[in-house]
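This report refers to the structure that appears directly beneath it.
The values are calculated or read from the model by the stated rules, or taken from the named source; none is laboratory data. Keep in mind it's a predicted model, so treat the numbers as computed, not measured. Here Cβ is always computed from backbone atoms with ideal geometry, including for glycine, and neighbour counts include all displayed protein chains.
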């Protein structure tokens, strides 16, 4: 913790222009920290040192890690289908290898890895899951496989060359600057009612993006080689898990979207996903499949977790409650999607 107040207080956020990365950079700046970002594009804030580079190039990563006291590896390739396998491995597996090597050579004391609950999911229900869950023998998609491999590399690097590491497994992230879940649902909403999958009884763990960033700062504050965090993984979720579609329904309705009144049964949705994946593999289409076994199963079976270990080891509590998170997400989405702002009383 001393390094956070010393000349090595520089925080490097790899993927700082991304969803979680942006929220993390904003919180680091608010705390008065010097921040450097490594990303494929320049960071727009002049208060941030920006390095345009690629996680897949070791020289770029080495240059970015020089002088850093903490490295946050937020960058990831995200694809819940079976396309772009090589890209997923290059970013999510080779990328962490490059970061670990650079942290060792540059004598960086801390590395915090942004992981996902997907690393333990193989389609079977998870209820109140904790960190004793093993990695599955086979994931439902390449993304889960590569994120698990990257996490294992980071955790195995703990204690080597003075580097302390930990991994934060985020639930389904939502909030301002979302580029995955909410935009995909809004596109459906522009064409008609948004499909609902399953019976509505399955629960899913979300985490608001500012809470996810807050967890990163708390982990950094407590991470040392002799701390409980060293070499450990943590689930980071908001309390009160709910059904995936019902959870997002208030946000979508505030944007003028409607959910379908009749859900698609799980077995039918799963069969359609199998056909969709088979068509994608057979034709080698560059378009992402509209349904995958992962997207169907993760929303139709219980898939929720406890953050008790993070609360115990580094005091994680959500920074923003659900009502405030909804309102901030709605305000951002109205602007992002060109919708009129709600009237204020």
request  = Scan the stretch 39-66 for residues that are more than 30 Å from residue 295 (Cα to Cα) and either in contact with a strand residue (DSSP E or B) (Cβ under 8 Å, 6 or more places away or on another chain) or modelled with pLDDT of 95 or more (or both) and report the count.
outcome  = 19
task = Answer yes or no: is there a residue in the stretch 120-135 that is in contact with a strand residue (DSSP E or B) (Cβ under 7 Å, 6 or more places away or on another chain) and closer than 30 Å to residue 336 by Cα.
result = no
task = Enumerate the pairs (first residue in the stretch 230-255 and under 12 Å from residue 326 (Cβ atoms); second residue anywhere and assigned to a strand (DSSP E or B) and at pLDDT below 95) with beta-carbon separation below 6 Å, excluding pairs fewer than 6 apart on the same chain, so at least 6 apart or on different chains.
result = 249/259
message = Any residue in the stretch 169-197 that is exposed (fewer than 15 other Cβ atoms within 10 Å of the Cβ) sitting within a Cβ distance under 6 Å of a residue that is not in a helix (DSSP H, G or I)? List the pairs, counting only those 6 or more apart or interchain.
response = 193/258; 193/260
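Being in contact with a strand residue (DSSP E or B) (Cβ under 8 Å, 6 or more places away or on another chain), within 24 Å of residue 266 (Cα to Cα) and in contact (Cβ under 8 Å) with a residue 24 or more places away in the chain: is that true of residue 144 here?
Working: in contact with a strand residue (DSSP E or B) (Cβ under 8 Å, 6 or more places away or on another chain): yes; within 24 Å of residue 266 (Cα to Cα): yes; in contact (Cβ under 8 Å) with a residue 24 or more places away in the chain: yes.
For residue 144, the condition - in contact with a strand residue (DSSP E or B) (Cβ under 8 Å, 6 or more places away or on another chain), within 24 Å of residue 266 (Cα to Cα) and in contact (Cβ under 8 Å) with a residue 24 or more places away in the chain - is met.
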Cβ pairs under 8 Å, 6+ apart, first in the stretch 200-221 and at positive phi and surrounded by fewer than 23 Cβ atoms within 10 Å (Cβ to Cβ), second modelled with pLDDT under 95 and assigned to a helix (DSSP H, G or I) = 200/245; 200/246
query = Wholly within the stretch 9-87, which strands (runs of 3 or more DSSP E) include no fewer than the required count, namely at least 1 residues that are more than 17 Å from residue 100 (Cβ to Cβ)?
reply = 11-14, 35-39, 49-52
task = Take the residues in the stretch 75-124 that are more than 18 Å from the chain's Cα centre (by Cα), crowded, with 17+ Cβ neighbours inside 10 Å and more than 21 Å from residue 63 (Cβ to Cβ), then tell me which one is modelled with the highest pLDDT.
result = 123
ask   = When residue 325 is evaluated against the numbered criteria (1) touching a strand residue (DSSP E or B) at 6+ places or on another chain (Cβ under 9 Å); (2) assigned to a helix (DSSP H, G or I); (3) surrounded by fewer than 19 Cβ atoms within 10 Å (Cβ to Cβ), which criterion, by number, is the only one it fails?
value = (3)
